[in-house]
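Written out below as structure tokens is the structure these notes cover.
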Amino acid sequence: MQKHVLNLAVALAAFCLVGGRHRLSPLPTVPCVDLCRYAGTWHEIARLPNLFQASCVGSQARYEPRPDGSLTVVNSCVTGRGRCREVVGRAERVPGSGNARLRVKFGGLAALVPVPREGNYWIIALDADYEWAMVGTPDRRFLWILARDRCLPPEVFASLVGQARCLGFDVDRLVTR
């Protein structure tokens, strides 16, 4: 794991040195994602604040492969009042993105929100063993740091936060568990 962290830190430093923070477009994604390996449960480690998760703690996302190549998405959390909340959606691959960009759409009132053609779920960092991931949107308004376990080693978390900062995300606003 230390090798992965070191590689990520070196890549991050190189990106920052060439002015990555000032280049907000386009947001780079990982080259390729195996959606079968990505499937399963991810725990939210940190996120940028957003309206739809305002009262959530202990958020999780579960991804289930569908026969047509898309994923069923089940997001759940516990509200501040101790109630379980769950929303179900569907994630479709953006062609030509190596599965690193997905178009995620949920039901209910969320179905009224248009999803950009280029996707609204961009995987911008992914552990080689699929133990952690960082997901964001190209406008830098949304960011999630996810892990298979409920916590991340501090050095991995710090490295991901540093990478997000270089990519133009306002990491000073991160909400952590």
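The values are calculated or read from the model by the stated rules, or taken from the named source; none is laboratory data. Everything numeric here is computed off the predicted structure, so don't read it as measured data. A quick note on method: Cβ atoms are made from the backbone with ideal geometry, for glycine too, and the neighbour counts reach across all protein chains shown.
Considering each of V104, V115, V135 in turn, give the residue that is in a loop (DSSP other than H, G, I, E, B) and either under 17 Å from N75 (Cα atoms) or modelled with pLDDT under 95 (or both).
V115
Per-residue answers, yes or no, for (1) surrounded by fewer than 21 Cβ atoms within 10 Å (Cβ to Cβ); (2) closer than 17 Å to Q60 by Cβ; (3) in contact with a His (Cβ under 7 Å, 6 or more places away or on another chain):
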residue	(1), (2), (3)
V104	yes, yes, no
E118	yes, no, no
L126	no, no, no
M134	no, yes, no
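Determine which member of the set G82, G89 is free of Cβ contacts under 8 Å to residues at least 40 places away in the same chain, surrounded by 14 or more Cβ atoms within 10 Å (Cβ to Cβ) and of a type in the set (G, A, S).
Selected residue: G89, the only one of G82, G89 that is free of Cβ contacts under 8 Å to residues at least 40 places away in the same chain, surrounded by 14 or more Cβ atoms within 10 Å (Cβ to Cβ) and of a type in the set (G, A, S).
Would you tally the residues in the stretch 26-62 being part of a strand (DSSP E or B) and among the hydrophobic types (A, V, I, L, M, F, W, C)?
Total satisfying the criteria: 6.
If we scan the stretch 75-91, do we find a residue that is over 20 Å from V57 (Cβ atoms), of a type in the set (K, R) and touching a helix residue (DSSP H, G or I) at 6+ places or on another chain (Cβ under 8 Å)?
No, because not a single residue in the stretch 75-91 is over 20 Å from V57 (Cβ atoms), of a type in the set (K, R) and touching a helix residue (DSSP H, G or I) at 6+ places or on another chain (Cβ under 8 Å).
Looking only at the stretch 92-102, count how many residues are crowded, with 16+ Cβ neighbours inside 10 Å and small (G, A, S).
2
In the stretch 66-100, what residues are touching a Ser or Thr at 6+ places or on another chain (Cβ under 8 Å) and not in a strand (DSSP E or B)?
Scanning the stretch 66-100 gives R66, G80, R81, S97, G98, A100.
If I ask for residues that are surrounded by 14 or more Cβ atoms within 10 Å (Cβ to Cβ) and hydrophobic (A, V, I, L, M, F, W, C), which ones from the stretch 136-160 would you list?
F142, L143, W144, I145, L146, A147, L152, V156, F157, L160
If L167 satisfies all but one of (1) closer than 20 Å to G40 by Cβ; (2) modelled with pLDDT of 95 or more, what's the number of the condition it fails?
Failed condition: (1).
Report, by residue number, each residue of the stretch 161-177 that is β-branched (V, I, T) and surrounded by fewer than 18 Cβ atoms within 10 Å (Cβ to Cβ).
Passing the criteria: V175, T176.
Given the criteria within 15 Å of C32 (Cα to Cα) and not hydroxyl-bearing (S, T, Y), does G98 qualify?
So G98 passes the test.
In the stretch 36-78, what residues are free of Cβ contacts under 8 Å to residues at least 40 places away in the same chain, touching a Phe, Trp or Tyr at 6+ places or on another chain (Cβ under 7 Å) and of a type in the set (G, A, S)?
Answer for the stretch 36-78, where residues must be free of Cβ contacts under 8 Å to residues at least 40 places away in the same chain, touching a Phe, Trp or Tyr at 6+ places or on another chain (Cβ under 7 Å) and of a type in the set (G, A, S): just A39.
For residues in the stretch 40-59 being out of contact with any Leu (no Cβ under 8 Å at 6 or more places or on another chain) and surrounded by 17 or more Cβ atoms within 10 Å (Cβ to Cβ), which is modelled with the highest pLDDT?
My answer is S59.
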